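Let me begin by presenting the structure, written as structure tokens, before commenting on it.
Quick note: the coordinates plus some simple rules give every number you see, no bench work behind them. Fair warning: this is a prediction, and the values are worked out from it, not measured in the lab. Backbone-built Cβ (ideal geometry, glycine too); neighbour counts: all protein chains shown.
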């Protein structure tokens with residue numbers, strides 16, 4: 001009973017204090033013209049949610065993402081990204097685990113590698129250089145398709161087909177933007193110099 005009570009108190013605090021915290025940060029940004037703090041608020045919130053999900057959904061995550069072995073989700077204070085990164089470099093991810101890792105790496109280049117909490121794994125031979133190959137593209141695509149279906153279903157149920165299609169189009173446009181990261185600068189230069197006919201700048 002005590003755990004249930006504490007859970008609802010924490011949930012109430014997170015929802016309402018988080019809302020007021022965002023409003024306060026926005027007011028501070030307008031007052032002092034410091035818009036970076038809004039990004040910091042969202043990043044810190046994402047970090048906190050990540051740690052919470054690692055604890056509360058540990059059995060589901062272990063069943064879905066982890067092969068047999070001693071490493072599991074649910075370590076207090078660790079993020080999902082950190083655990084995915086460690087399981088990735090040690091070869092202990094399932095197909096779905098690699099799909100999720102590939103998608104996170106698509107959104108933020110080498111995300112799961114960068115956010116491994118090194119102090120947790122130094123005593124276990126944490127490598128100084130990246131020892132893994134990128135996740136195969138078709139595994140990343142699998143995750144995108146599953147996330148698209150997860151978005152499409154509820155939106156279609158509540159608001160109809162047209163809004164659901166718009167949501168999926170926006171979601172996959174964002175994914176395409178991330179996927180084109182290595183070529184965006186080249187495409188920009190081609191469009192600028194070949195289509196707009198802007199002369200090359202002299203070095």
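Return, for the Cα atoms of segment 1-113, the radius of gyration and Dmax in Å, separated by a comma.
17.2, 53
Hey, fewest Cβ within 10 Å first, where do 92, 186 land in order?
Values: 92 17, 186 10.
With the fewest neighbours first, 92, 186 line up as 186, 92.
Quick check: pseudo-label points 7 Å beyond the Cα along Cα→Cβ at residue 26 and residue 75, how many nm apart are they?
With each label placed 7 Å out from Cα toward Cβ, I get 3.8 nm.
Of the residues 108, 40, 50, which exhibits the maximal mean-square fluctuation in a Gaussian network model of the chain defined by a 10 Å Cα contact cut-off?
Answer for the Gaussian network model of the chain: 40.
Only helical DSSP H runs with n ≥ 4 go in: add -39500 (n - 2.57) per run for the chain, normalise by residue count and round the 222 nm mean residue ellipticity to 500 deg cm²/dmol.
-23000 deg cm²/dmol, from helical runs alone.
Estimate the FRET efficiency between residue 40 and residue 110 by the formula 1/(1 + (r/R0)^6), using the beta-carbon distance for r and 30 Å for R0, to the nearest 0.05.
About 0.85, to the nearest 0.05.
Express the relative contact order of the chain as a whole percentage, based on alpha carbon pairs under 8 Å and six or more residues apart in sequence.
13 percent
Taking Cα extents along the principal axes in Å as the quantity of interest, determine which of [x] 69, 46, 42; [y] 61, 48, 26; [z] 52, 47, 41 was computed from the displayed structure.
[x]
Kindly put 29, 143 in sequence by how many other C-beta atoms sit within 10 Å of each C-beta, fewest to most.
Lowest to highest Cβ neighbour count: 29, 143.
Quickly work out the residue 148-to-residue 64 label distance, labels modelled 7 Å from Cα along the C-beta direction, and quote it in nm with one decimal.
In this crude label model, residue 64 to residue 148 measures out at 1.9 nm.
Can you tell me which of 13-23, 80-90, 59-69 comes out highest on packing, and rank the rest after it, using the mean Cβ neighbours within 10 Å?
Order by mean packing, descending: 80-90, 59-69, 13-23.
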